[in-house]
Amino acid sequence: GRRRGRPQSRVAMDAGQLAQLEGFCQALYNAKTEAERVQAHQTLLPLVQNPQCMPQLQFVLAHTSNPHALIFSATGLTKLITSNWTSVSDQQKEEMRNFLFDYLAKNGPDLYRAAPMGVSPVVRLLCRVLKLAWLEGPQYQNVTDRVGQFLQSSPLHWVLGLEIYTDLTTDMQPSIGPSMSRFRRTALSFRDTALPTIFTIGMQTLQQVTAGNITVSDKNEERRLLKQVLQLACNCLSFDFMGTIPDDTSDEQSTVMVPHSWTMLRDEGIPKLYFDLFSRSCSAQWPECAQLCLQCLVLLSALRRSFFQKEEDRAKLLASMMQGTTGVLAAKMGLQDHGCYHELCRLLGKINAAHQVSELCASEQFQVWIEQVYSFTMDSLRHWEVMPNSKHYLLGFWAAMVSPVILLAEKAPKALEAYIQQITLAYVESRLFMAEASADVNNACDWDDPLSDEVLRSEQLEVLSSLGRCRYQDTAQYVMKHFEEISRLGQQGAVPQAVFESKMTWLVYMMGALVGGHASAKANRAGSESAPAHVVNGEIAGRIFRLISFTDSKATPCEGLELAYLYFLEQFRKVYIGEHAKQVVQQQVSERLATVLGLEDENAVLGLLINKIGNNLQQRYGLEAVVKKTLALFHELAAGINIVHTSDRSPHLIVSGRLLLKNDMVKYILGNHAAPQFGFLNTGTKYGKFRTTYYHTLGKLLFMDIRDNREAFEKFMEPQSQVLNTLWQHCCQGPQALRQESCRAPLIGLCRDLRGIGLACTSCEPYAMLFEWLVDNQSPANSRVALFSRALDVWCDEPDVTTPLLKFMAEFVHNKAQRITFDQSSPNGILLFREASTILVTYGTRILQRTQFQDVYAQKYKGIKIALDMFFYALHGNYTNFGVFELYSDNSLAKSMALALQMCLAIPLQELSAYLRALTPYYYFLELATRQHMSKVMELEPAMLNTLLQAIEEGLLSFETSVAMQCCTAVDNVASYFYQQCQGKGRSSPEQERVRRFLAEAPERTQRIMRLMFQLVMTGEFNSTWSISRPLLGLVLLHGDFFLQLKEQLVASQIEERRAKLRGFFDDLMSGVENNLSTKNKDHFTRNL
């Protein structure tokens, strides 16, 4: 069966060869031993990799009766035609399409009975042929005529016809990937031509099934038919009508954008049709059909508002939806099936999301419907452990009601407010039951515990914060009552410690959610008798702060509870900022948060937050997650800018960092930031990354406070000065003195601290202070900044040291927001660049000498990535005049450029592809080098330059858009440089010689890039035609003769009927294009392309 070089005609196999191939297919899918399966895999693999084997696979498909051989040949053909479609002739396409239709018409029903798993691959192959050929002419678009013949035959032919439609509607959905733009055009053409007919057929079939006009004697066949037609209707309704390719991770398709001409959906009987089919499927115990009915109803309830010409049509649809769901809920129909339960929750959520509360209330069904939904929700919350994730839709339903109920005030139905509150209380109860169950080690729970899943937890707390806004005081009192009771039982030891901690954690989270939800909400309804919000918030906060001081006095902390405190403090921060804004506006505030908490003023309230932060950094540093969240909260407080709207609606800007500077604890931290009691700074290098965040935050506060006061900055930096001076003294004794183990931790800590302070330098003044502190001597050899290159030299084999050091230097030379500005007469820009150059050369020389690595990414590529980043920033910083180096025979630019290029060459191409996301600086650097320093790049040996161009060629094929764009620009830089040097008149320069030598020795490299670019353009697989057109013109002008050959090759590779057309396109491409690379000429070429 492995005759590869045969011509493209039907390849006959004898019975023995076919039987042998069937045996291999049987072994591939159903091997008795692993060796047998491997042998079958090796034998069959070439068949699905070589386009020449298509006729053989078609022969197998036509003649085999073995289901495994059928599956293999159909899936193999699908793969081959998808990747080699352009080399399939029109005649072959036509033949394949007709063959597949005839094959299914003849053998389909028997296959369904004997080997149902063999049907789908053949149907998928047919649909793929239809999809790929769709835009090639109307003869491929008459799919409804061909499938119509199936729908007029036996029930199994009918099912088969519907399966073709179902698979076709699935395959036609556009998706992200190769040939995306072409498939998008295909999908939109399919939407306008065949999809309306297909949907009409599906709906008519459903109506006939419901009316009893279709009788199928075999119950299994009836079930298969109903499932198929429901799946088809669901596919049609969920089609991507706008071609937007929505992201799969987004929760729901928000609106269904059906075309205006699908008038049958305006018929008010359509929802009833689906509810009747749902009831019928439940009675017959066909759960998969029942689920599909509900999925279709979810899509119907999300029809776009503008689809209905009259509002009453939409109101009728809503009434039918309400009536149907009321019936299902009242009879508890099908809800024991988890799939149906989930889809019903989705349906209720969607009905609510698609309509405003006033529209829901206007329906006469509303009262009965909302009662049923309420009792269903309460019932679900009592059984909280069943399908907990589906309940998110139900809770979302009630949470979405809260704002309208508060807004409508007296106009809202009376029962709604009570319902929402009861559900909120039941939800709080259910979380406490969950806490008890999760604390029990013997309880084998099959649900995810939100306390250990941050995403799930934040979803649930978000819902609770919305629900809690309705009758806020009553809900808060209820939660506080539980809080008091569990506190009392816990302190008496009446409940197990694990249960106490788990319940308390949930209560703290829930109190945080209530406070956070109310902080951003409008004030309570006018005329309500409940206490003002800030009083309730104060009472909640008072309890939490008392609990914090109780647990802080304990030696063993509970991590879950500590994280819950931080969540609460983050929510309480919003309240505090809001209260502070109120005070700024109305100087005399009678009701103050501070009064409720028994404190003097708002600054004392802030003190409670800061004290907890200070405490955690001093005592809770054993818990990594707690340290991380504490520092994040501290940073948010220091760097946050909040816009608060006060009661008179005027916006006020509150910079919370300024408030912090008045606080004693903050003053203490700023004055003693490196003190031993901040334990997390001294727990080895494990928490190193947090030091950067810590100093970034402190730097923000410091620069806000001192502006450009150098004495204050020097005082703050004293602990770092001591470390720096000690290390500098070691360094002066001889570089190897730095290699002592006692120097390791201080060096790493210093680099991380300085990087944090560097991050906080967002303008010229702070950066200038840091620069002068570090570069304390104009002579590079005697300046403290030289410590880093010397340390790098001796610690080069330790990524624990080199990574923080390189990261600090990359930050130090980065001119973000134009913060690095030196006087015109100042040598500092050159000093800074030379230091970066020294670091790069030191690191590069050492890393290129090493050959053995245990973890090649951590020990080699990560360092190269940061070093290239640093060099890119230094070259791009705009603070160095690079001409000076050549003028004064300073080789630091030449050396560092050569080494950076050597580092790029040290990464093999396959490794570059494997670590592409991590190594994007590689491409950013190459683009910059080819743009500004091409003469230095040309100093490489031709073989090395060849390797770099090969890497750029690989990058053009990358799915990472930024990499592909950088490669386009790099090719443009190279092609333009080559072209200009080749055009040079007069005496030949060394640069021109190098370019001519390279083009004479290795012209095929740039020619290959040109070939690839034309292929990318012709297959439509490159996202930006503009970006690819700029380098293409340079390549065409550089290799004029090769361009003419390439044109002929590309034309010859097409099938006969397309050749003249493509030749015409190539002629049009060059019409009016001149022999130069001016911007005007490039623009003209881009338009032609």
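Can you tell which of Tyr112, Tyr103 is of a type in the set (Phe, Trp, Tyr), in contact with a helix residue (DSSP H, G or I) (Cβ under 8 Å, 6 or more places away or on another chain), assigned to a helix (DSSP H, G or I) and modelled with pLDDT under 90? Explain how you work it out, then say what you get.
Working: Tyr103 fails: modelled with pLDDT under 90.
Testing whether each residue is of a type in the set (Phe, Trp, Tyr), in contact with a helix residue (DSSP H, G or I) (Cβ under 8 Å, 6 or more places away or on another chain), assigned to a helix (DSSP H, G or I) and modelled with pLDDT under 90 leaves just Tyr112.
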For this session: Would you point out the residue of the stretch 850-878, among those that are touching a residue at least 60 places away in the same chain (Cβ under 8 Å) and small (Gly, Ala, Ser), that is surrounded by the fewest Cβ atoms within 10 Å (Cβ to Cβ)?
Result: Gly877
Exercise. Are there any pairs, at least 6 apart or on different chains, whose C-beta atoms fall under 8 Å, with the first in the stretch 98-113 and under 15 Å from Leu130 (Cβ atoms) and the second of a type in the set (Lys, Arg), and if so, which?
Worked result: Phe101/Arg146
Seminar exercise, completed: Conditions (1) in contact with a helix residue (DSSP H, G or I) (Cβ under 6 Å, 6 or more places away or on another chain); (2) farther than 26 Å from Gly349 by Cβ; (3) not aromatic (Phe, Trp, Tyr) -> Leu230 fails only (2)
For this session: Determine whether Ser301 is at pLDDT below 95, within 16 Å of Ile270 (Cβ to Cβ), buried (at least 20 other Cβ atoms within 10 Å of the Cβ) and among the polar types (S, T, N, Q).
Result: yes
Exercise. Within the stretch 836-866, which residues are in contact with a Pro (Cβ under 7 Å, 6 or more places away or on another chain) and either farther than 13 Å from Met903 by Cα or of a type in the set (Asp, Glu) (or both)?
Worked result: Ala858, Gln859
Exercise. Of all the helices (runs of 4 or more DSSP H) wholly in the stretch 879-998, which have at least 1 residues that are at pLDDT 90 or above, surrounded by 14 or more Cβ atoms within 10 Å (Cβ to Cβ) and touching a Phe, Trp or Tyr at 6+ places or on another chain (Cβ under 7 Å)?
Worked result: 892-905, 920-932, 934-937, 942-956, 961-983
Problem set entry | the stretch 364-404 - residue that is charged (D, E, K, R) and within 18 Å of Leu456 (Cα to Cα) and, of those, surrounded by the fewest Cβ atoms within 10 Å (Cβ to Cβ) | Glu385
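Given the residues Ala31, Ala35, which is the only one that is surrounded by fewer than 19 Cβ atoms within 10 Å (Cβ to Cβ), at pLDDT 85 or above and out of contact with any Leu (no Cβ under 9 Å at 6 or more places or on another chain)? Can you show your working first?
Values: Ala31 fails: at pLDDT 85 or above.
Among Ala31, Ala35, only Ala35 is surrounded by fewer than 19 Cβ atoms within 10 Å (Cβ to Cβ), at pLDDT 85 or above and out of contact with any Leu (no Cβ under 9 Å at 6 or more places or on another chain).
Considering the stretch 254-295 alone, what residues qualify as being in a helix (DSSP H, G or I) and among the aliphatic types (A, V, I, L, M)?
Quick first cut of the stretch 254-295, residues in a helix (DSSP H, G or I) only: 263-266, 269-283, 287-295.
Once the filter is applied, which keeps residues that are in a helix (DSSP H, G or I) and among the aliphatic types (A, V, I, L, M), the stretch 254-295 yields Met264, Leu265, Ile270, Leu273, Leu277, Ala290, Leu292, Leu294.
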Seminar exercise, completed: In the stretch 189-233, anything under 19 Å from Cys127 (Cβ atoms), surrounded by fewer than 17 Cβ atoms within 10 Å (Cβ to Cβ) and among the aliphatic types (A, V, I, L, M) is listed as none
Exercise. Among the residues of the stretch 658-673, is any touching a Ser or Thr at 6+ places or on another chain (Cβ under 8 Å), in the same structural domain as Glu559 (by TED's automatic domain parsing) and either surrounded by 16 or more Cβ atoms within 10 Å (Cβ to Cβ) or within 20 Å of Asp705 (Cα to Cα) (or both)?
Worked result: no
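Quick one: is Ile423 outside any loop (DSSP other than H, G, I, E, B), surrounded by 15 or more Cβ atoms within 10 Å (Cβ to Cβ) and in contact with a helix residue (DSSP H, G or I) (Cβ under 8 Å, 6 or more places away or on another chain)?
On the way: outside any loop (DSSP other than H, G, I, E, B): yes; surrounded by 15 or more Cβ atoms within 10 Å (Cβ to Cβ): yes; in contact with a helix residue (DSSP H, G or I) (Cβ under 8 Å, 6 or more places away or on another chain): yes.
For Ile423, the condition - outside any loop (DSSP other than H, G, I, E, B), surrounded by 15 or more Cβ atoms within 10 Å (Cβ to Cβ) and in contact with a helix residue (DSSP H, G or I) (Cβ under 8 Å, 6 or more places away or on another chain) - is met.
Could you list, in sequence order, all residues of the stretch 1071-1082 that are over 41 Å from the mean Cα position of the chain (by Cα) and either closer than 27 Å to Arg996 by Cβ or surrounded by 14 or more Cβ atoms within 10 Å (Cβ to Cβ) (or both)?
If we filter the stretch 1071-1082 for residues that are over 41 Å from the mean Cα position of the chain (by Cα), which is where we start, we get 1071-1076.
The answer is Val1073, Glu1074, Asn1075, Asn1076.
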Exercise. For the stretch 705-814, which helices (runs of 4 or more DSSP H) that fit wholly inside it have 2 or more residues that are in contact with a Lys or Arg (Cβ under 8 Å, 6 or more places away or on another chain) and under 28 Å from Leu661 (Cα atoms)?
Worked result: 741-760, 764-774, 799-812
Problem set entry | Those residues of the stretch 886-941 which are within 24 Å of Val995 (Cβ to Cβ) and of a type in the set (Asp, Glu), in sequence order | Glu886, Glu927, Glu939, Glu941
Exercise. Mind checking whether some residue in the stretch 1049-1057 is surrounded by 14 or more Cβ atoms within 10 Å (Cβ to Cβ) and farther than 30 Å from Gly137 by Cβ?
Worked result: no
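Looking at Glu1004, is it within 19 Å of Met944 (Cβ to Cβ), exposed (fewer than 13 other Cβ atoms within 10 Å of the Cβ) and not hydrophobic (A, V, I, L, M, F, W, C)? I'd like the intermediate steps shown before the answer.
Values: within 19 Å of Met944 (Cβ to Cβ): yes; exposed (fewer than 13 other Cβ atoms within 10 Å of the Cβ): yes; not hydrophobic (A, V, I, L, M, F, W, C): yes.
In short, yes.
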Problem set entry | Any hit, the stretch 689-706, residues being surrounded by fewer than 20 Cβ atoms within 10 Å (Cβ to Cβ), over 37 Å from the mean Cα position of the chain (by Cα) and modelled with pLDDT of 85 or more | yes
Exercise. Given (1) over 21 Å from Ser549 (Cβ atoms); (2) β-branched (Val, Ile, Thr); (3) surrounded by 16 or more Cβ atoms within 10 Å (Cβ to Cβ), where does Thr683 come up short, assuming only one miss?
Worked result: (3)
Problem set entry | Filter result (part of a helix (DSSP H, G or I) and closer than 17 Å to Lys131 by Cβ) within the stretch 183-196 | Phe183, Arg184, Arg185, Thr186, Ala187, Leu188, Ser189, Phe190, Arg191, Asp192, Thr193, Leu195
Problem set entry | Residue ID - nearest to Lys106 (Cα to Cα), chosen from residues in the stretch 154-182 that are in a loop (DSSP other than H, G, I, E, B) and in contact (Cβ under 8 Å) with a residue 40 or more places away in the chain | Ser154
Exercise. Would the stretch 816-830 turn up any residue that is at pLDDT below 95, among the aliphatic types (A, V, I, L, M) and on the phi > 0 side of the Ramachandran plot?
Worked result: yes
For this session: Go through (1) touching a Cys at 6+ places or on another chain (Cβ under 8 Å); (2) in a helix (DSSP H, G or I) one by one and return the number of the condition Ala400 breaks.
Result: (1)
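The values are calculated or read from the model by the stated rules, or taken from the named source; none is laboratory data. Because the structure is predicted, anything quoted here is derived from the model rather than measured. In this analysis, Cβ positions are derived from the backbone assuming ideal geometry, glycine residues included, and neighbour counts consider all displayed protein chains.
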